[in-house]
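*Asks:* Quick one: structure below, then a few questions.
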Amino acid sequence: MATRIYLIGAGFIARTHAEAAYKFYGETPTDIELKVADPNPKALASFVEQFPHAVTFSDMKDMLAEEAQEHDVVVVCTPPFTHFELSSYALKSGRHVLCEKPLVMNASEADELSKLAKDLGKLFGDCSDRFIGLPKTEQVKAIVASGQLGEIYKVSFIHRDQRGRAGIEYQPESRWFLNSKLCGGGILTDWGPYDFTVLADILKPSAVDVLGGWISKPVTGADPQDVVYDVEHNSGALMRYHAQGQDRPVLVQYERSSCTHGEAYSLVEIEGTLGAVKFSPYFGGDAVVHRFDEQGSVAEKETQVPNDNAYGFMDAPLYFFVERVLGRDSAALLNEDAVFNFKCIQAVYESAASGNIQSVKRG
Ligand SMILES: NC(=O)c1ccc[n+]([C@@H]2O[C@H](COP(=O)([O-])OP(=O)(O)OC[C@H]3O[C@@H](n4cnc5c(N)ncnc54)[C@H](O)[C@@H]3O)[C@@H](O)[C@H]2O)c1
């Protein structure tokens with residue numbers, strides 16, 4: 001029986017999922033059945049130009065009306081304000097659901113979907129796992145787990161870009177990225193899902209305290225005046241990560257900005273009493289730099305760890321999720337794990353708004 005993949009939304013990200021589906025599960029309609037729904041006829045037309053085997057619908061309810069089969073997968077590829085309603089509808093249609101990041105608009109929607117999936121016996125996945133499983137990150141995890149760094153006490157997780165705002169400098173045609181009612185938030189909502197998923201993958205927290213968070217919207221001459229633009233493009237927090245079996249929590253200095261008048265730089269570094277390891281979990285090269293002490297002097301070992309996975313990072317969410325649906329092991333980010341990471345992001349917003357410490361517990 002052909003694997004059936006249903007895409008809701010035919011925009012930019014839907015194409016990456018369609019590519020992954022064909023790449024891993026076959027190119028002909030007998031290998032895979034790819035269906036896509038979008039109310040925008042232009043989006044559908046250009047989608048089928050690229051993927052001529054895809055069956056199109058203008059209404060996702062018509063697409064999901066046929067009887068569900070055990071391994072059917074729906075991928076929600078629409079702007080964030082639609083994620084809750086569409087994921088909920090797709091789960092109730094009897095299918096497993098993989099939702100684009102950011103998962104939903106608030107913590108109660110996240111809890112509700114996770115519960116719904118559990119009650120229905122379906123998987124609910126989050127595309128925030130896009131950068132999980134990269135060999136360089138796996139090497140960093142191995143160094144951390146080996147104890148070579150001693151007692152880990154601090155992580156810097158900083159990405160500062162001067163002009164890279166979604167909806168302005170990046171993908172300017174998708175203005176919904178600028179309106180909080182449509183997208184849920186700015187850069188913290190857009191990149192935070194990846195950041196908090198990578199942090200959780202490395203530090204395995206059972207709880208996270210946000211000691212102090214901030215969000216800000218730097219003003220520039222390129223700010224659009226003709227649309228709602230009310231989201232932050234500079235954000236950060238000081239956080240305490242508690243891991244099971246660890247005596248002391250790890251402090252995480254976090255920052256993510258797509259617009260700053262300050263310096264642009266990235267630094268991801270894990271520091272312990274016996275050493276430190278620095279790398280880029282994303283596009284900043286494949287180097288893993290391990291620094292330690294050798295008879296009172298700083299020693300440095302740099303290893304290049306290129307990505308030799310069969311899947312690229314844009315393939316990862318669909319590939320991981322379908323593997324799990326088919327009963328095979330994978331790094332898919334599912335149900336309560338996805339909800340935990342989402343709640344950490346919400347806690348940064350809440351701390352920024354209230355000035356109070358916010359705590360998130362797993363489970
Ligand atoms: N653009 C990126 O680089 C990128 C990367 C990773 C994740 N994402 C995430 O993917 C999601 C979609 O982003 P995008 O860049 O593909 O947006 P996009 O604007 O390119 O496409 C969204 C599409 O959804 C359609 N749509 C809206 N409501 C719909 C509905 N009710 N039913 C069916 N279709 C509907 C729109 O007509 C549009 O064609 C967002 O959550 C975004 O955060 C985007």
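*Asks:* When residue 81 is evaluated against the numbered criteria (1) without any contact (Cβ under 8 Å) to a residue 60 or more places away in the chain; (2) of a type in the set (A, V, I, L, M, F, W, C); (3) over 23 Å from residue 316 (Cβ atoms), which criterion, by number, is the only one it fails?
*Replies:* (1)
*Asks:* Scan the range 333-359 for residues that are outside any helix (DSSP H, G or I) and either buried (at least 24 other Cβ atoms within 10 Å of the Cβ) or at pLDDT below 95 (or both) and jot them down.
*Replies:* From the range 333-359, those outside any helix (DSSP H, G or I) are 333-334, 355-359; that's our starting set.
Passing the criteria: only 333.
*Asks:* Shifting gears a bit: Given the criteria closer than 25 Å to residue 116 by Cβ and modelled with pLDDT of 95 or more, does residue 36 qualify? First the steps, then the outcome.
*Replies:* Values: closer than 25 Å to residue 116 by Cβ: yes; modelled with pLDDT of 95 or more: yes.
Spelling it out, residue 36 is indeed closer than 25 Å to residue 116 by Cβ and modelled with pLDDT of 95 or more.
*Asks:* Let me ask another. On the given criteria, is residue 135 at pLDDT 95 or above and surrounded by fewer than 16 Cβ atoms within 10 Å (Cβ to Cβ)?
*Replies:* On the way: at pLDDT 95 or above: yes; surrounded by fewer than 16 Cβ atoms within 10 Å (Cβ to Cβ): yes.
Against the criterion (at pLDDT 95 or above and surrounded by fewer than 16 Cβ atoms within 10 Å (Cβ to Cβ)), residue 135 qualifies.
*Asks:* Run residue 73 past the list (1) away from the ligand (no atom under 11 Å from the Cβ); (2) surrounded by fewer than 20 Cβ atoms within 10 Å (Cβ to Cβ); (3) not small (Gly, Ala, Ser) and report the number of the one that doesn't hold.
*Replies:* Status for residue 73: all satisfied but (2).
*Asks:* Could you list, in sequence order, all residues of the range 32-57 that are charged (D, E, K, R) and surrounded by 15 or more Cβ atoms within 10 Å (Cβ to Cβ)?
*Replies:* The initial filter retains those residues of the range 32-57 that are charged (D, E, K, R), namely 33, 35, 38, 42, 49.
Passing the criteria: 33, 35, 38.
*Asks:* Within the range 186-232, work out how many residues are under 19 Å from residue 156 (Cβ atoms), in a helix (DSSP H, G or I) and not charged (D, E, K, R).
*Replies:* Looking only at that region, the number is 12.
*Asks:* Which residue, of 150, 164, is within 13 Å of the ligand (Cβ to nearest atom) and either open to solvent by 10 Å² or more (accessible area, probe 1.4 Å) or hydroxyl-bearing (Ser, Thr, Tyr) (or both)? Show your work before the answer.
*Replies:* Values: 150 fails: within 13 Å of the ligand (Cβ to nearest atom).
None of the other options fit; the residue is 164.
*Asks:* Return the pairs, sorted by first residue and then second, in which the second residue is crowded, with 22+ Cβ neighbours inside 10 Å and of a type in the set (Phe, Trp, Tyr), the first residue lies in the range 239-260 and is at positive phi, the beta carbons are less than 6 Å apart, and the residues are 6+ apart or on different chains.
*Replies:* Nothing qualifies.
*Asks:* Quick check, is residue 205 away from the ligand (no atom under 16 Å from the Cβ) and in contact with a Ser or Thr (Cβ under 7 Å, 6 or more places away or on another chain)? Give the derivation first.
*Replies:* Values: away from the ligand (no atom under 16 Å from the Cβ): yes; in contact with a Ser or Thr (Cβ under 7 Å, 6 or more places away or on another chain): no.
So residue 205 does not fit the description; no.
*Asks:* Looking at the range 232-242, is at least one residue in the same structural domain as residue 152 (by TED's automatic domain parsing), of a type in the set (A, V, I, L, M, F, W, C) and surrounded by 22 or more Cβ atoms within 10 Å (Cβ to Cβ)? Explain how you work it out, then say what you get.
*Replies:* Initial filter on the range 232-242 (in the same structural domain as residue 152 (by TED's automatic domain parsing)): 232-242.
Among the residues that remain, those that are also of a type in the set (A, V, I, L, M, F, W, C) are: 237-239.
From the residues that got through so far, the ones that are surrounded by 22 or more Cβ atoms within 10 Å (Cβ to Cβ) too are 237, 239.
Yes, some residue in the range 232-242 is in the same structural domain as residue 152 (by TED's automatic domain parsing), of a type in the set (A, V, I, L, M, F, W, C) and surrounded by 22 or more Cβ atoms within 10 Å (Cβ to Cβ).
*Asks:* How many of the residues in the range 91-127 are among the charged types (D, E, K, R) and away from the ligand (no atom under 16 Å from the Cβ)? Walk me through how you get there before you give the answer.
*Replies:* Initially, the range 91-127 is screened for residues among the charged types (D, E, K, R), giving 92, 95, 100-101, 109, 111-112, 115, 118-119, 122, 126.
Add one more test, that the residue is away from the ligand (no atom under 16 Å from the Cβ), and what stays is 111-112, 115, 118-119, 122.
Selection size over the range 91-127: 6.
*Asks:* Could you go through the range 167-177 and let me know if any residue there is within 16 Å of the ligand (Cβ to nearest atom), assigned to a strand (DSSP E or B) and either in contact with a Cys (Cβ under 8 Å, 6 or more places away or on another chain) or assigned by TED's automatic domain parsing to the domain that holds residue 241 (or both).
*Replies:* Within the range 167-177, the first condition is being within 16 Å of the ligand (Cβ to nearest atom), and the residues that meet it are 167-177.
Restricting the remaining residues to those that are assigned to a strand (DSSP E or B) gives 170.
Pick out the ones that are also either in contact with a Cys (Cβ under 8 Å, 6 or more places away or on another chain) or assigned by TED's automatic domain parsing to the domain that holds residue 241 (or both) and you get 170.
The answer is yes; a qualifying residue exists.
*Asks:* Another question, if that's okay. Answer yes if at least one residue in the range 3-23 is more than 26 Å from the chain's Cα centre (by Cα), hydroxyl-bearing (Ser, Thr, Tyr) and surrounded by fewer than 19 Cβ atoms within 10 Å (Cβ to Cβ), and no otherwise.
*Replies:* From the range 3-23, those more than 26 Å from the chain's Cα centre (by Cα) are none; that's our starting set.
Checked the range 3-23: no residue is more than 26 Å from the chain's Cα centre (by Cα), hydroxyl-bearing (Ser, Thr, Tyr) and surrounded by fewer than 19 Cβ atoms within 10 Å (Cβ to Cβ).
*Asks:* For the condition in contact (Cβ under 8 Å) with a residue 60 or more places away in the chain, of a type in the set (A, V, I, L, M, F, W, C) and more than 18 Å from residue 138 (Cα to Cα), what is the one hit in 316, 276, 338, 299?
*Replies:* Numbers: 316 fails: more than 18 Å from residue 138 (Cα to Cα); 276 fails: more than 18 Å from residue 138 (Cα to Cα); 299 fails: in contact (Cβ under 8 Å) with a residue 60 or more places away in the chain.
Of the residues listed, the single one that is in contact (Cβ under 8 Å) with a residue 60 or more places away in the chain, of a type in the set (A, V, I, L, M, F, W, C) and more than 18 Å from residue 138 (Cα to Cα) is 338.
*Asks:* Here is a further query. Can you list the strands (runs of 3 or more DSSP E) lying wholly within the range 1-57 that have 3 or more residues being in contact with a helix residue (DSSP H, G or I) (Cβ under 7 Å, 6 or more places away or on another chain) and within 15 Å of the ligand (Cβ to nearest atom)?
*Replies:* Details: elements: 3-8, 32-37, 55-57.
Correct list: 3-8, 32-37.
*Asks:* Here is a follow-up. Under 6 Å between Cβ atoms, which residue pairs at least 6 apart in sequence (or on different chains) link something in the range 47-62 that is in the same structural domain as residue 82 (by TED's automatic domain parsing) with a partner that is among the small types (Gly, Ala, Ser) and part of a loop (DSSP other than H, G, I, E, B)?
*Replies:* Between residues of the range 47-62 that are in the same structural domain as residue 82 (by TED's automatic domain parsing) and residues that are among the small types (Gly, Ala, Ser) and part of a loop (DSSP other than H, G, I, E, B), the close pairs are 47/10; 48/54.
The values are calculated or read from the model by the stated rules, or taken from the named source; none is laboratory data. Everything numeric in this text was worked out from a predicted model, so none of it was measured. Here the Cβ is made from the backbone with ideal geometry for all residues, glycine too, and neighbour counts use every protein chain on show. Protein only, heavy atoms only, side chains kept; ligands, DNA and RNA dropped before computing areas. Shrake-Rupley method; radii C 1.70, N 1.55, O 1.52, S 1.80 Å.
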